[in-house]
């Protein structure tokens, strides 16, 4: 048996099986799907594709696998917008609400499936009128307004691939992505609401355009009412285009492997990677996982993924999965603290939300704000809670379980990536007992293993998480760079997909993700995961959130430094700092005790909520901080620099 390669310190023994009442109504009640997929992977996914997706022409080949390139459901033709909209309307469900949309200032829209189909068809014709053809690429740079999914679905209707650029990105990021994909059109808005003010978007597009070479037209949705310049012949108001557009737009018949969208993710080089997702396999896996992971009952559920459509979570679990399954969703434009820190819970109560899907970073922020905020609202409609984006600390998991789920809702902690397209490791809530902080086991039809440095499977302990068999929603490559695709994901362990995440397996075969292996610290020869130390820090009753980095140390190679945010009831003191350090030593061992604990008011996070540990390391080692434009609040770094200078390190 291969030996573990990452130390396994943190032990979590609490287990939460689904209640009998939940199992009784669950979409999946037993392990038969796991058994079916293990017996015949291709037959399993073929059944999901036939039952969940409407095909114009049936597929004849389930999988063509030439490592590392996969093709799924060959011979089949379909259209994504047809699956998301037309078929529900044709079945008499056009009056069903697709989105309850809530604007940050408090304005609302209720959009039915018939409404959405009409608007998508009209905008698809508007795009055709601007010269967009099948196979073209269209950039979308928008706030969280209904016109964002309309734009995406309109592209899919006419066979154009979309590239959604997160609305918090800078003009330079727009230039990189538009040029790489050679986008013909950019769809944007004048601005969008964020924390009580309008964040301008069209001005960022204007700043980017001189650096681009392929853009012929810009479409602008009026949302923020901020002043913008419109260039005659190039720029078009969305409402003007829609005023003359026909609502008759037959959907293109697309091949299962036709490009659906590009989504750019940062790489180790300056050039972002254009992750390619195609049509049939992607839609099959996101529809399947959305249905079984969130236990979706379309007739009665009101589902809310509180992410941004600019990330893959929004593509798969705000737009394509929920609409394919015909469920009613909530979509919110703004931030969770505007106008008050109970905004999310007010929305959940207002619409009777049954599933809530959010990030561990947000959950820890809610913990910091206090239990009284969710207590103001009736959250009894909730049935399933989900987390996404990074490993969740056990204490944050427990807070979510108790204060949001009323100790009755299963929590589905989901591991997946932009590259995987859909959920890969997460419990089915009516089947798998959960453990705070563990993503549990792969979903049916997904196969992976933790391996050592030589690629040999580890039965217990820590190592590298790899995927050992192809899956339908897997990326089909990096746009324009197949060699980079092979080198980035398939070269470290031959025959296996590896994207850089560490994981450990416990006695029950449950998987615990340890974060990026780049974030594993080497302390006196011990390889220690930042995730485990962060979980031990958050386990202290004073700590709401923590981030851990390894700083260069002449004695130990690297020293552990913890940055912590205190809960509101606590104040910083040297005694509390020492108590927190010793708590880590008690919880997971003296080797993992931080050399320093620095108490900070906030952590440097991207607009998607991910902690930028690189900046925390750079602060400690007095390096130039480089590009900080993707930060939600750049002023946080200056405050951290001051605190880091003031904080002594311990022996």
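A few remarks follow.
- Packing, taken as the mean count of other beta carbons within 10 Å per residue, orders the peptides 388-395, 564-571 from highest to lowest as 388-395, 564-571.
- Global form of segment 532-646, assessed from the alpha-carbon gyration tensor, a/c cut-off 1.5: oblate
- Short to long, the 10 Å bins of the Cα pair-distance histogram for segment 308-381 hold 17, 49, 29, 4 percent of all pairs.
- Gyration tensor verdict on segment 1-113 (Cα atoms; rounded if a/c is under 1.5, prolate if a/b is larger than b/c, oblate otherwise): oblate
- Estimated Rh, the chain: Kirkwood, alpha-carbon pairs, angstrom: 25.3
- Global form of segment 399-452, assessed from the alpha-carbon gyration tensor, a/c cut-off 1.5: prolate
- The calculated 222 nm mean residue ellipticity attributable to helices in the chain amounts to -8000 deg cm²/dmol, summing -39500 (n - 2.57) over DSSP H runs of n ≥ 4 and dividing by all residues.
- Gain on full stretching of the segment that runs from residue 27 to residue 244 - 0.36 nm per residue minus C-alpha separation: 73.7 nm
- Along its three principal directions, the equivalent ellipsoid of segment 473-585 from the Cα gyration tensor extends over semi-axes of 35, 17, 15 Å, largest first.
- Per-q log10 I(q)/I(0), segment 384-519, q = 0.09, 0.17, 0.21 Å⁻¹ (Debye; single scatterer per alpha-carbon; no solvent): -0.28, -0.92, -1.29
- Between residue 586 and residue 568, full extension at 0.36 nm per residue minus the direct alpha carbon distance yields a gain of 4.1 nm.
- Residues residue 447 and residue 19, FRET efficiency given R0 of 30 Å [Cβ-Cβ distance, rounded to 0.05]: 0.55
- Calculated FRET value between residue 402 and residue 87, using beta carbons and R₀ = 30 Å, to 0.05: 0.15
- A simple spin-label model places the labels of residue 641 and residue 338 2.7 nm from each other, with each point 7 Å out along Cα-to-Cβ.
- A straight line joining the Cα centroids of segment 531-546 and segment 179-248 runs 43 Å.
- If a spin label sat at a point 7 angstrom from the Cα of residue 506 along the line to its beta carbon, the backbone N atoms of segment 419-444 nearer than 16 Å would be those of 426-428, 432-442.
- Extension gain from residue 60 to residue 47, taking 0.36 nm per residue of separation minus the Cα-Cα distance: 3.4 nm
- Shape parameters for segment 111-169, alpha-carbon atoms, Rg then Dmax in Å: 11.2, 33
- Separation of the residue 634 and residue 518 label points, Cα + 7 Å toward Cβ, nm: 2.1
- Summary of packing: across the peptides 330-339, 279-288, 48-57, 538-547, the per-residue average of other C-beta atoms within 10 Å ranks them, highest first, as 279-288, 538-547, 330-339, 48-57.
- For peptides 239-250, 64-75, 197-208, sequence by mean Cβ density within 10 Å, most packed first: 197-208, 64-75, 239-250
- At R0 = 45 Å, FRET efficiency that the Cβ-Cβ distance of residue 346 and residue 253 yields, to 0.05: 0.55
- Each of residue 368 and residue 130 was given a label point 7 Å from its Cα along the Cα-to-Cβ line. The distance between the two points is 3.8 nm.
Coordinate-derived values only; no laboratory data. It should be emphasised that the depicted structure is a prediction, and the values quoted were computed from it without experimental measurement. Cβ coordinates were reconstructed from backbone atoms using ideal geometry, including for glycine residues, and neighbour counts include every protein chain displayed.
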